[in-house]
1. Be a star and scan segment 50-87 for residues whose amide nitrogen sits under 12 Å from the point 7 Å along the Cα-to-Cβ vector of Y40.
2. Within segment 12-167, how many lysine pairs that are 8 or more places apart, or on different chains, have C-alpha atoms less than 28 Å apart?
3. Show me the trypsin sites (Lys or Arg not before Pro) within segment 1-87 that DSSP assigns to loop and that have at most 11 other Cβ atoms within 10 Å of their Cβ.
4. Relative contact order for segment 1-159 using alpha-carbon pairs under 8 Å, separation at least 6, rounded to a whole percent?
5. What residue among M159, M110, M59 shows peak mean-square fluctuation when the chain is described by a Gaussian network model with Cα springs under 10 Å?
6. Compute from the Cα atoms of the chain the Rg and the Dmax, the latter being the longest Cα-Cα distance, and quote both in angstrom.
7. For the chain, what does -39500 (n - 2.57) per DSSP helix run (n ≥ 4), summed and divided by total residues, give at 222 nm, in deg cm²/dmol to the nearest 500?
8. With unit charges on the beta carbon (Lys/Arg positive, Asp/Glu negative), name the residue among I24, A162, I119 whose Cα is farthest towards the positive pole of the charge dipole of the chain.
Amino acid sequence: MAVQSIVSFGDILLRKKAKHVISITPRMIRILNDLVDTLYAVEGRAGLAAPQIGILRRMIVMDCGQGLMELINPQILDMRGEQKGPEACLSLPHYIGAVKRAEYVKVRAMNRHGEHIIIEGTGLIARCIQHEMDHLDGKLFVDFAEGNWIYSRTSGDKMSLADAINLSKHRPMRMVE
Ligand code: ZN
């Protein structure tokens, strides 16, 4: 178990599609534990997807204030309504964008014991599930941000993703499994 470095926007790894988890091996559990440790090591976190720690597997972890959720091979069963609000990503600290999401989602997934679970939520939980699941398909919140603009949390400056990556002090890193 260990806190891992978070892969930054601009790294091609975040644009790749993650593979399904075929069986829950000790290695998969280690990755899940690393995801949890890394999630809780970051302030202001809500969710983290395996590609963000360099692992192209379909696993996400989340805590939107209601406790830890671990989803393996999540699949959307239902989405309804619409919400629009500020969204951020641990792979691009200090920036936010205005993103439209479904207000309600229902997903099926597997937990670390290999049991099938159903999770449903509205508001922040629904937003977080959609954001993290996008990571498994190489999609990033800026793709859906209004006008593809993002804003600096500190200065409020509006910029493109390319500008934000250039300004970011976080160096892209590469950890392909
Ligand atoms: Zn993200």
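1. Only 63, 67-69 pass the distance filter.
2. 20
3. Within segment 1-87, the qualifying trypsin sites (Lys or Arg not before Pro) (loop, at most 11 other Cβ atoms within 10 Å) are K17.
4. It comes to 23 percent, rounded to a whole number.
5. M159
6. Gyration radius and largest Cα-Cα distance of the chain: 15.4, 46 Å.
7. Mean residue ellipticity at 222 nm (helix-derived): -6500 deg cm²/dmol.
8. It is I24.
Rule-based calculations on the coordinates, nothing more; no lab input. Since this is a predicted model, take the numbers as computed values, not measurements. Glycine gets a Cβ as well: all are built from the backbone with ideal geometry, and neighbour counts include every protein chain shown.
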